[in-house]
Every structure is written in C-alpha cells, then in structure tokens.
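What follows is a set of notes on a single structure, which appears directly below.
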Amino acid sequence: MPPVVPSSSSSDTGNRTVRLSNGVEMPTVGFGCAGYVRKPALLEALAAGYRLFDTAQATEWYLEDELGAALAEAPHVNRSELFLTSKLHPRDLGEQPTLDAFPRSLARLRTTYLDAFLLHYPACFGSLCATPPAGTWRESWRALEALYDQGRIRALGVSNFAPSQLRELLEWARVGPHLVQSWMDPLHQERALRRLCAAHGVQFQAYSSLGTQHAGRTGGANPVLKHPAVAALADEAGRAPAQVVLRWALQRGAAVIPRSTKPRHIAANRALHDFALTEAQLRAVDALDGQDPVAVLSGLPPLPCADENAGCPAWAEAGECEANAAFMLVSCRGSCNACEAKVEL
Ligand SMILES: NC(=O)c1ccc[n+]([C@@H]2O[C@H](COP(=O)([O-])OP(=O)(O)OC[C@H]3O[C@@H](n4cnc5c(N)ncnc54)[C@H](OP(=O)(O)O)[C@@H]3O)[C@@H](O)[C@H]2O)c1
C-alpha cells in the first residue's frame with residue numbers, strides 16, 4: 001500500500017479547480033466510487049493526489065462507509081482539502097425523508113458537512129424503490145436548500161435530470177443548482193444538457209466518461225476506449241485512450257470523475273494537465289456523438305440511429321419527455337437520446 005501523501009503541493013497540477021457559481025472551488029478531476037470501490041483503491045487514489053470523491057447513498061452501486069474508512073486512514077489529508085460528493089437515494093424523495101437521509105451520509109463518511117449533495121435521480125425506476133417515495137424531487141430540493149442554508153452542504157446539484165426537469169428547477173429554485181452530473185462520453189455527449197448548464201452558469205460533471213454505460217449493449221466490451229478514432233488520437237498525443245477521452249471532456253468544459261482499481265490507471269486518469277488536444281482533435285471526438293457502440297466494435301459502418309427501445313421516438317413525439325421524463329430517461333438514454341434531440345434551447 002503506498003503511503004498517503006500530505007496535501008498536494010502547488011506544483012501538483014492534478015488538482016485544478018473550477019469555481020462554482022456560489023464561489024466554492026471544486027476539483028475538475030475527481031475519483032468515482034461506483035462499482036463498490038473499496039478501501040485499497042481509495043487509499044491509492046488519495047495517495048495519488050485525488051481530493052474529490054464521488055459517492056452516493058445507493059448501496060446498489062456505492063459503499064459510502066468504505067470511503068469514510070479510507071479517509072479516516074489518511075490523517076495527513078485535511079478535511080478542508082477534500083471535496084466529498086454524495087447523492088440522495090430516490091426512495092428518500094420528499095422533504096422530511098431527505099432531511100432524515102442526509103445525516104446518514106455524514107455518519108458513514110465521518111464528516112460534519114458535504115461539499116456537494118445531489119439528487120441522484122428525479123424519480124424511482126425499475127426495482128430501485130420497494131415502495132413509492134413519500135414525495136417528489138421538488139420537495140427534496142426544498143430540503144437541500146434548508147441544509148445549504150445551515151452550511152451542511154456547500155454546493156447543491158442534481159444527477160440524471162432531463163433538460164426539461166433542469167429547466168423547471170432553474171425556474172423556481174430559491175437556491176439554484178451549482179452542479180449537474182450526467183452521463184457523457186464520446187458516443188453520448190449530452191449536448192443539450194451541457195448547453196443548458198453553460199447558459200445558466202451551472203457546472204457540468206461527466207460520469208461514465210470512459211464508456212462503461214455501453215456494456216449492456218456490447219456484452220461488456222468498451223466501444224469508447226476501443227474506438228479506432230480515439231486510438232488514433234491517443235497515438236498522436238502519445239497518451240492512453242482514457243487520457244484522451246478525459247482531456248476532451250475537460251476541454252469541453254466538463255469536470256470528470258473516472259473510477260479505477262488499478263494504480264497505473266488511477267495515476268494516468270489524473271495526469272491530464274500536461275497536454276492538450278488541438279481544436280481539430282477535439283472536433284474529431286465531437287464527431288463521434290451518437291455512433292452505435294455495437295457497430296463501433298464490430299468494425300461495421302455505423303448504423304443510422306436505432307434506439308434500443310423502438311418506441312422512443314414515438315413516445316418523445318407524443319410528449320412523454322415532458323410528461324414522463326424519468327421513464328424516458330431510463331428507457332431511451334442509451335442510444336438515440338430521443339428527448340435530447342427534441343429539446344430546443
Ligand atoms: N450519477 C449517476 O447516476 C452515476 C452513474 C454512473 C457513474 N457515476 C459516477 O461516475 C463515476 C465513473 O463512472 P463509472 O464508474 O461508470 O466508470 P468510468 O470511470 O467511466 O470507467 C471505469 C472503467 O474504466 C476502466 N479504466 C479506468 N481508467 C482506465 C484507464 N486509464 N485505461 C483503461 N481502462 C480504465 C476501469 O477499469 P480498471 O479498474 O481496471 O482501471 C473501469 O472498468 C462512478 O464511479 C460514479 O462515481 C454516477
């Protein structure tokens with residue numbers, strides 16, 4: 001186990017920050033904790049210099065207490081240097097359930113405040129909630145505003161919100177979102193949501209930027225890291241494909257939170273500030289948006305956009321993006337982005 005190093009020195013450019021709309025500084029490169037990342041990888045990440053950690057209350061994917069235990073073993077890292085993000089499980093949507101759920105993250109993470117707390121989803125879906133939640137994301141947001149007023153959360157945000165939902169939140173929130181987290185990779189660039197964030201001064205944070213969301217369609221193979229265009233750019237830049245993808249996201253204004261259990265990947269995913277992609281290289285990645293991941297891996301020419309759920313375009317046309325955004329997000333997110341395509345900003 002490598003020793004945990006003291007706080008990053010000024011020569012450590014890995015922890016560049018972005019200033020959120022309320023003045024809070026957030027590292028642009030953080031460490032993702034989904035996939036049950038455990039203490040050894042977390043200690044490795046701390047030793048490598050990561051200071052932002054992205055976790056959540058959903059034990060379907062995350063272990064907050066494992067992060068709390070790792071942080072407790074890193075006494076040389078001051079709490080003030082860390083940026084800890086967690087997210088509300090959708091089963092706890094509603095004002096009082098949110099107020100009740102929030103301190104459970106503090107206890108598991110062994111801290112007295114969070115740097116960011118996000119609504120993980122705007123609604124329950126699939127088998128995520130045994131019973132319907134007591135309230136809605138709107139009521140949860142009121143709870144987040146109260147916790148923000150009390151100084152127990154430094155920045156507020158949402159995740160997996162459709163543009164229509166984010167627009168609604170922006171219209172009536174007393175404390176607007178500072179951070180929006182959503183899936184963004186070269187084949188799924190989330191342009192509408194990013195444009196909306198940029199227009200309102202909200203920082204966008206990309207999740208699954210290394211291609212993991214496509215695994216269900218590709219039988220586990222990774223069409224982002226194995227994409228021939230990404231490989232060519234990696235050769236040109238003399239960097240790994242993952243670094244090219246993360247650097248592209250950074251240069252397009254997104255913060256990133258890659259996850260890894262391998263020390264060499266953990267180090268590489270943070271070494272993003274000593275090279276830059278040219279405008280032509282950035283545009284080459286931009287051009288991959290919407291490509292069919294299966295076709296990318298098979299080497300066949302990309303198919304015209306064919307949604308994994310054939311009903312998506314018709315549902316979008318019938319107004320389901322607005323009326324039933326959570327359902328559409330889950331059912332139609334993986335390919336054609338039927339709702340995003342419809343959004344006029
Ligand atoms: N808000 C949400 O709903 C939501 C959803 C998904 C994810 N997230 C957040 O976003 C984080 C990142 O997304 P993710 O967990 O889906 O995964 P990711 O960071 O996109 O990709 C992780 C995968 O890439 C591999 N990898 C990492 N670095 C690599 C490198 N340099 N070269 C080659 N392979 C590399 C990892 O394997 P190795 O371990 O072998 O390196 C792992 O299999 C999550 O951990 C979570 O914090 C949020």
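The values are calculated or read from the model by the stated rules, or taken from the named source; none is laboratory data. Quick caveat, the model's predicted, so the values are computed rather than measured. Virtual Cβ from ideal backbone geometry, glycine too; neighbours counted across all protein chains shown.
Key figures
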| item | result |
| --- | --- |
| Residue count, the range 259-293 (criterion: part of a loop (DSSP other than H, G, I, E, B), of a type in the set (Val, Ile, Thr) and either in contact with a Leu (Cβ under 9 Å, 6 or more places away or on another chain) or within 9 Å of the ligand (Cβ to nearest atom) (or both)) | 1 |
| Verdict on residue 249 being among the small types (Gly, Ala, Ser), part of a helix (DSSP H, G or I) and within 16 Å of the ligand (Cβ to nearest atom) | yes |
| Output for the range 87-104, where each listed residue is part of a helix (DSSP H, G or I) and in contact (Cβ under 8 Å) with a residue 24 or more places away in the chain | 90, 91, 92, 95, 96, 97, 98, 99, 101, 102, 104 |
| Sole residue being in the same structural domain as residue 29 (by TED's automatic domain parsing), within 19 Å of residue 256 (Cα to Cα), at pLDDT 95 or above and surrounded by fewer than 23 Cβ atoms within 10 Å (Cβ to Cβ), chosen from 159, 80, 86 | 159 |
| Near pairs, Cβ below 6 angstrom, 6+ apart or cross-chain, from the range 114-130 (in the same structural domain as residue 181 (by TED's automatic domain parsing)) to any residue that is among the charged types (D, E, K, R) and within 12 Å of the ligand (Cβ to nearest atom) | 118/87; 120/87 |
| Unique match (being assigned by TED's automatic domain parsing to the domain that holds residue 170, surrounded by 15 or more Cβ atoms within 10 Å (Cβ to Cβ) and part of a loop (DSSP other than H, G, I, E, B)) among 233, 225, 196 | 225 |
| Residues satisfying the stated conditions in the range 168-188, i.e. within 14 Å of the ligand (Cβ to nearest atom) and out of contact with any Pro (no Cβ under 8 Å at 6 or more places or on another chain) | 177, 179, 180, 181, 182, 183, 184, 185, 186, 188 |
| Residue check, residue 182 under 29 Å from residue 95 (Cα atoms) and touching a strand residue (DSSP E or B) at 6+ places or on another chain (Cβ under 9 Å) | yes |
| In the range 208-242, the residues that are of a type in the set (Val, Ile, Thr) and within 23 Å of residue 30 (Cα to Cα) | 212, 224, 230 |
| Filtered residues of the range 189-204 (kept if more than 19 Å from residue 34 (Cβ to Cβ) and within 16 Å of the ligand (Cβ to nearest atom)) | 189, 193, 194, 197, 202, 203 |
| Residue match in the range 35-43 (condition: within 22 Å of residue 177 (Cα to Cα), β-branched (Val, Ile, Thr), surrounded by 16 or more Cβ atoms within 10 Å (Cβ to Cβ) and assigned by TED's automatic domain parsing to the domain that holds residue 206) | no |
